[in-house]
Amino acid sequence: METQDIYEIWEKDGSGVLTTEPLILTACKAGNMGTIFSYPSGCIYKTVFTYLCGKPEEGFLADHPDVLYNTRLVCMSPEWEEYIRKMPVQFALRRELMKPLSEESGKKLRPLPEGYSIGAFTEEIFEKHPFDQGRGYSDYQEFADQATGAVVLFDGQVVAASSSFISFDRHLELDVFTEPEHRGKGLADHCVYEMIRQSHSRGWTVHWDAQNPMSSKMAIGHGFVPETEYAVYWLENH
């Protein structure tokens, strides 16, 4: 399966319930992003992920037959996980949520290789949305006011970047990516370090939701502490 080449598959028999509320869900609950479906025994928050809270209700699901499909499902209760696991699950991915970081990074960086340079997330770079970053903000001014970010350049091109995915109440969700052919050089570490430094200088807290072991290892290296692991489910098309 192609997904296995990118993400870690959840292979445990135990619970994959997410017991800690991530920043994306907090922002969605506040009405800052996504769509909220409320019903008597629970609530579904549909955003980058679809968070399933409370208990499933057959009447609601019958009226909204597509709400669980073509989306990444996160169970916030054992009742929802039991329900989802009885459905045609195509795959379940493991993620690891870190405790939010309000300090500067303690990572000891090695120098960038020759030809690479660290740079600011300028307006010109923002408009290009490298690796799809920055799209959670309406324009560069909003990004500059509410977000932080940094890039590594090679031959004038962005080859690695870290920036805020969302901002909410002085909290930021970190996003980081490096072009495959430039990996293994410590570029992402420089971007993350600079983003955390900027966030700390502005009194903001950084959140990290690791999608694979490499991401978890990088987060821990910068001072994040693992808080909980959980499963993300994807159902077969019905």
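For the stretch 34-82, the set of residues classified as among the β-branched types (Val, Ile, Thr) and assigned to a strand (DSSP E or B) consists of THR35, ILE36, ILE44, THR50, VAL74, listed by residue number.
Results for (1) closer than 18 Å to SER163 by Cα; (2) modelled with pLDDT of 95 or more, shown as yes or no for each residue.
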| residue | (1), (2) |
| --- | --- |
| ALA188 | yes, yes |
| PRO213 | no, no |
| MET218 | yes, yes |
| VAL232 | no, yes |
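How many residues, within the stretch 149-177, are free of Cβ contacts under 8 Å to residues at least 24 places away in the same chain and in contact with a Cys (Cβ under 8 Å, 6 or more places away or on another chain)? Selection size over the stretch 149-177: 0. Annotation: ASN70 fulfils all but one of (1) in contact with a Ser or Thr (Cβ under 6 Å, 6 or more places away or on another chain); (2) on the phi > 0 side of the Ramachandran plot; the unmet one is (1). Summed over the stretch 157-200, the residues that are among the aliphatic types (A, V, I, L, M) and part of a strand (DSSP E or B) give a count of 8. GLU57: of a type in the set (Asp, Glu), in contact with a strand residue (DSSP E or B) (Cβ under 6 Å, 6 or more places away or on another chain) and buried (at least 16 other Cβ atoms within 10 Å of the Cβ), yes or no? So GLU57 fails the test. Counting the residues of the stretch 143-156 that are outside any helix (DSSP H, G or I) and either of a type in the set (A, V, I, L, M) or under 23 Å from ILE24 (Cα atoms) (or both) gives 7.
All told, THR3 falls short of being modelled with pLDDT of 95 or more and either among the charged types (D, E, K, R) or under 18 Å from the mean Cα position of the chain (by Cα) (or both).
The values are calculated or read from the model by the stated rules, or taken from the named source; none is laboratory data. Keep in mind the model is a prediction, meaning the values are calculated, not measured. Methodologically, a virtual Cβ is constructed for each residue, glycine included, from the backbone with ideal geometry; neighbour enumeration extends over all protein chains shown.
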